[in-house]
1. What number goes with the only condition from (1) out of contact with any Phe, Trp or Tyr (no Cβ under 7 Å at 6 or more places or on another chain); (2) aliphatic (A, V, I, L, M); (3) modelled with pLDDT of 85 or more that V212 does not pass?
2. When only residues in region 1-36 that are outside any loop (DSSP other than H, G, I, E, B) and among the charged types (D, E, K, R) count, which is farthest from C88 (Cα to Cα)?
3. Got a number for residues in region 250-282 being surrounded by fewer than 18 Cβ atoms within 10 Å (Cβ to Cβ) and either assigned to a helix (DSSP H, G or I) or within 32 Å of the chain's Cα centre (by Cα) (or both)?
4. Every residue in region 155-172 that is part of a loop (DSSP other than H, G, I, E, B) and modelled with pLDDT of 90 or more, please.
5. Consider S174 carefully, then state whether it is under 16 Å from S70 (Cα atoms), surrounded by fewer than 19 Cβ atoms within 10 Å (Cβ to Cβ) and out of contact with any strand residue (DSSP E or B) (no Cβ under 9 Å at 6 or more places or on another chain).
6. Quickly run through region 315-332 and pick out the residues that are aromatic (F, W, Y) and either closer than 22 Å to M345 by Cα or touching a residue at least 60 places away in the same chain (Cβ under 8 Å) (or both).
7. Could you please let me know if S98 is more than 20 Å from Y218 (Cβ to Cβ), assigned by TED's automatic domain parsing to the domain that holds S29 and not acidic (D, E)?
8. Identify the single condition in (1) of a type in the set (G, A, S); (2) in a helix (DSSP H, G or I); (3) under 30 Å from M156 (Cβ atoms) that S290 does not satisfy, given that it satisfies every other one.
Amino acid sequence: MLVSVLVPTYQESQNIKILCEQIAQELQSVSYEILIMDDDSQDGSEQVVAQLQESNLPVSIITRKDKNKSLSAAVIDGLEVIQGKYCCVMDADLSHPSSAILPMIKKLQTNEVDFCLGSRYVEGGSIDIEWTWSRRLISFATTCLAMPLCNIKDPMSGFFTFAKNKLPPLHQLSPVGYKIALELMVKGDFNKIYEYPIPFSQRIHGHSKMNVRQQFFYLRHLRRLYQYKFPVASEFVQFGLVGGSGFIVDVSIYYLLQYAADMQHIMARGLSFWVGASWNWFWNRTITFSDHFKSHPVKQWSSFVLISIFGFSINWGSYYLLTEYVAFFDDYKIFALMAGVVAGMGLNFMFSRIFIFRHIEQQ
């Protein structure tokens, strides 16, 4: 078997017959199979495949019942059973040209590339002229977010080919949502990625599965991939974002104690720290270091606050010195507070990562 065409589907019965016939026309010169991975559509997809089999098309369908329903998960399940030396993954909505499959496979056969991606954004590629400005904007934004992970122009493509022996162990794959190509390019043994220009067409039958929920899944997926490829930098950015939200909480309490409780600003600064530190601990435990070791919450909170006190000694000390001895900061105390927060954050991150939220393998 030379080529396995893997097509994840959900309620695409109107497109399956057309797609399979197009693939058969393009691949008649090689040995191939078509595997439909269906997320229990209950729309007649199985019957359509049965009719195609009667016409002697090498197509089969696996209906995924009681499983995680997602395009990426369907593809991973399909990768376990395909027989071809080369695999092509494509959507069922007819947006990807079947005529590009064989040229993309031939690129792999030359050994000049080991992952061939159907790209809309290289010279010769295109998107449908009927795309709305909002869809263009979303596509541009999601593409920009993924670019640091792999330096290509269309990392969001769902049409790609690769040699099966280049796959990473499937248990290492953990995509969320629908962008399985991005997962494979980041985690697979693919050093030479080639973007093959394709025209991207608007679907005719059925409905797009893209919605706000899928976009949220995509952001979760990106977070996982950044943690995989840039573990320390990714955690530092998340630590900083959590710290930024904690800063807002800290400042709110700081002003509330002064103006609502008529508290002297030095004392207010000392008390607001505890609220901000507790906020930061909770969200760092929940988000930043979610895959790290978690001890008992009270014990871990105590340790986090204790570590934070070291950072706070720099934070509060710089605040005190700036407001007491520099006239500008005495007039604009908020800037002294910000300077202290930045000074203490690096120390807090280092000690938190090493001592509070240790990697599981360190246990």
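1. Failing condition for V212: (3).
2. K17
3. Initially, region 250-282 is screened for residues surrounded by fewer than 18 Cβ atoms within 10 Å (Cβ to Cβ), giving 251-252, 255-256, 258-267, 270-271, 274-275, 278, 282.
Next, from what is left, pick out any that are either assigned to a helix (DSSP H, G or I) or within 32 Å of the chain's Cα centre (by Cα) (or both): 251-252, 255-256, 258-259, 265-267, 270-271, 274-275, 278, 282.
Residues flagged as surrounded by fewer than 18 Cβ atoms within 10 Å (Cβ to Cβ) and either assigned to a helix (DSSP H, G or I) or within 32 Å of the chain's Cα centre (by Cα) (or both) within region 250-282 amount to 15.
4. If the condition is that a residue be part of a loop (DSSP other than H, G, I, E, B) and modelled with pLDDT of 90 or more, then F159 is the only one that fits.
5. Criteria met by S174.
6. W316, Y319, Y320, F329, Y332
7. Spelling it out, S98 is indeed more than 20 Å from Y218 (Cβ to Cβ), assigned by TED's automatic domain parsing to the domain that holds S29 and not acidic (D, E).
8. (2)
The values are calculated or read from the model by the stated rules, or taken from the named source; none is laboratory data. Source: prediction; values computed, not measured. Reconstructed Cβ throughout: ideal geometry from the backbone, glycine too, with neighbour counts over all protein chains shown.
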